[in-house]
Structure formats: C-alpha cells, structure tokens
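Take a look at the structure below.
The values are calculated or read from the model by the stated rules, or taken from the named source; none is laboratory data. These numbers were taken from a predicted model, which means no experiment stands behind them. Here the Cβ is made from the backbone with ideal geometry for all residues, glycine too, and neighbour counts use every protein chain on show.
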Amino acid sequence: MGVAVLLIAVHVVIQPSDSAPQANAAQTSALQSNPNLDPGMALSRVAPGFTLTDQFGQPVSLSSFRGKVVILAFNDAECTTICPLTTAALVDAKDMLGAAASQVQLVGVDANPKATEVEDVLSYSQLHGMTYQWQYLTGSLEQLQSVWKAYSVGVTFSQGQTDHEPAIFVINQQGRIEKLYLTQLSYSAVGQLGQLLANEVSSLLPGHPAVHSHLSYATISGITPAADSTLPSAGGGYVSLGPGQRGQGSPRLYLFFATWDQEITTLGGQLDTLNAYQSAAAAAGLPGLTAIDEGGVEPSASGPAPTG
C-alpha cells in the first residue's frame with residue numbers, strides 16, 4: 001500500500017448577486033441567520049493607542065498607521081483553531097479590495113500570555129504565510145495585558161491552555177473604532193468573513209472602492225459521510241469520498257488535519273505512524289486511510305504546502 005493521500009479541502013461557494021437592492025436585502029437576511037458569521041457591532045470611540053514590537057523585532061505604534069484603515073485582530077501565537085481562520089479572512093479582505101488594499105493595514109496583537117517572544121509571533125507569521133502580510137505585535141506580559149484591557153479582550157490561561165476572545169476591530173483613518181467582529185470557528189465562513197471586512201473597509205475609503213467578491217452570506221452546509229464528493233489529490237488527480245466508493249455501510253476512515261499543526265505538534269512523526277497503518281491495512285482487512293488537509297485556509301502560496 002502507498003502512503004496516505006493528502007488533500008486540500010475547498011469550502012467556499014461563490015454566488016453572484018442579480019440586483020443590488022434585492023441582493024442587499026437577501027444578504028442581510030442570510031447574514032443574520034448564519035450561525036458561523038458575526039455581522040459585527042458598530043462602535044464609535046477612539047482606538048486606544050499602544051506601542052509594541054513586531055515580528056521583525058521593530059517597535060510599532062498604532063498611531064503610525066493614521067491615514068489608513070486598520071484591521072486589528074487579537075491572535076494567539078500558538079493557536080491552531082480560530083486564529084488561523086481569522087488571519088486567512090484578513091488577507092481575503094485585502095485581496096477583495098484590489099488596488100485599494102494599499103490603503104489598508106493589517107495588524108495582529110498577540111493574545112497568548114505564555115508565548116510573548118518575537119520568535120513566537122514570527123513563527124506564527126511564517127507558518128501561515130503572513131510574514132510580510134501584516135504587523136504581528138508582541139511585548140512584555142505587562143504591555144500585552146494593558147492592550148487587552150484597553151480593548152476589553154478577555155485572555156485566560158488555565159491548565160496549559162490559552163483562551164481569548166477572537167476579536168477583530170476595524171479602525172478608521174482618524175484612529176476611531178468603527179466595527180467589532182468576533183470570529184466563529186468555521187472553515188466554511190472564512191471567505192464570507194473576509195467579504196464582510198472588505199465591505200466595511202470599503203465604506204470608509206474615499207470613493208468606496210469596489211469589493212471584488214460576490215459571496216452569499218447564507219450558511220454553507222457541510223459535506224456529511226452520507227454524501228459522495230470529490231477532492232483534488234496532492235499527488236495529482238482526484239479522490240472520491242462517500243458511501244458510493246465501498247458500498248453503503250462499509251467502513252471508511254478519514255482523517256482531517258492541517259499542515260500548519262506542525263507549529264505545536266510533531267506532525268511528521270504522526271504522519272509516519274499513519275503511513276504505517278496504511279501499509280498494514282489491506283493485509284489486516286482494515287479500511288484504508290484518506291487524509292484531508294484543511295490547510296486550504298492558508299492565505300498565500302508562501303504558506304506550507306501539503307506533501308504526500
């Protein structure tokens with residue numbers, strides 16, 4: 001038997017709008033009923049200022065970005081759940097703005113009290129293809145706690161686990177907070193969140209530049225084991241999933257993971273173990289393994305690529 005097949009899962013469905021008034025009403029209704037999207041909370045207050053250190057070890061002040069719209073996210077430097085979804089959505093938002101993206105600055109503030117070194121924010125940025133996409137800031141624990149408190153972002157550390165509010169603030173050119181969004185844990189909603197952010201930013205920019213995206217805000221249904229589907233294989237070609245492959249009721253073994261899990265896990269050793277299972281499965285009469293790489297949320301080609 002060969003090694004496990006690694007796949008990239010694609011979750012975004014594009015649905016062009018027909019007419020602006022009808023689409024706006026439909027989009028608003030869909031957004032309000034989508035449990036995976038936060039429609040955002042309107043705010044109007046001065047964004048608290050701060051000076052922290054970026055992933056290159058340089059001091060950066062929030063005030064240095066005056067004149068640009070700032071999308072400010074609070075991200076755990078060791079997170080492998082919600083935070084990668086957030087950063088992917090930030091890059092999507094800039095991409096959707098086309099040339100107007102030059103008027104937008106992406107900023108992250110570390111939200112992990114146990115991973116506050118420059119190498120921590122640099123590592124996260126490198127693993128997620130964000131090294132030159134944003135300014136990811138850290139500082140002493142005291143400095144970070146001051147920023148968390150100023151923005152009312154709760155951060156806790158208990159039993160070795162960090163928990164924080166996945167807050168995204170949109171700050172206008174004059175340094176005032178316009179909108180607060182909370183990222184939900186859903187791969188399928190990454191592009192939709194990016195579009196939400198892009199539309200909010202567009203409303204703040206001169207001339208309200210076009211957002212080059214027409215995603216529906218309707219909930220994107222997941223693919224269940226009962227449905228047949230096809231995904232591209234990392235080695236070329238496609239692999240079919242679902243009950244039609246071995247007959248209804250036959251056992252199937254699927255592993256969902258992300259290549260960027262190597263940030264805090266020994267991914268290589270785990271894949272070696274899975275490959276050993278795959279080699280022995282046929283002889284033992286066990287179902288073969290199909291591994292599905294959720295690294296499709298990586299925001300750029302410079303992010304880690306699947307290997308097989």
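Listing for the model above:
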item	result
Segment 133-142, residues that are hydroxyl-bearing (S, T, Y) and over 16 Å from the mean Cα position of the chain (by Cα)	T138, S140
Residue in segment 155-177 that is assigned to a helix (DSSP H, G or I) and touching a strand residue (DSSP E or B) at 6+ places or on another chain (Cβ under 8 Å) present	no
Among the candidates T290, T265, T307, residue that is touching a Phe, Trp or Tyr at 6+ places or on another chain (Cβ under 6 Å) and either modelled with pLDDT under 70 or not in a helix (DSSP H, G or I) (or both)	T290
Boolean, G175 is modelled with pLDDT of 95 or more, assigned by TED's automatic domain parsing to the domain that holds L141, surrounded by 15 or more Cβ atoms within 10 Å (Cβ to Cβ) and on the phi > 0 side of the Ramachandran plot	yes
Scan of segment 55-65 for residues that are touching a residue at least 24 places away in the same chain (Cβ under 8 Å) and surrounded by fewer than 14 Cβ atoms within 10 Å (Cβ to Cβ), ordered by number	G57, S63
Residue check for A115: within 19 Å of the chain's Cα centre (by Cα) and of a type in the set (G, A, S)	no
Close pairs from segment 29-41: first on the phi < 0 side of the Ramachandran plot and exposed (fewer than 13 other Cβ atoms within 10 Å of the Cβ), partner outside any helix (DSSP H, G or I) and of a type in the set (S, T, N, Q), Cβ under 9 Å, at least 6 apart	S33/T219; P35/Q184; P35/S186; P35/T219
Qualifying positions in segment 60-89 - modelled with pLDDT of 95 or more and among the hydroxyl-bearing types (S, T, Y)	S61, S63, S64
Subset tally (residues that are assigned to a helix (DSSP H, G or I) and at pLDDT 95 or above) for segment 30-59	0
Inter-residue pairs, beta-carbon under 8 Å, first not assigned by TED's automatic domain parsing to the domain that holds V69 and in segment 204-226, second of a type in the set (F, W, Y) and surrounded by 12 or more Cβ atoms within 10 Å (Cβ to Cβ), 6+ apart	P225/Y254
Residue match in segment 92-101 (condition: aliphatic (A, V, I, L, M), in a loop (DSSP other than H, G, I, E, B), modelled with pLDDT under 95 and within 22 Å of Q195 (Cα to Cα))	no
Residues located in segment 128-150, provided they are crowded, with 18+ Cβ neighbours inside 10 Å and either small (G, A, S) or out of contact with any Ser or Thr (no Cβ under 9 Å at 6 or more places or on another chain) (or both)	G129, Q135, G139, V147, W148
Selected residue (only one of G175, G191, G129 is farther than 19 Å from M96 by Cβ and of a type outside the set (K, R))	G175
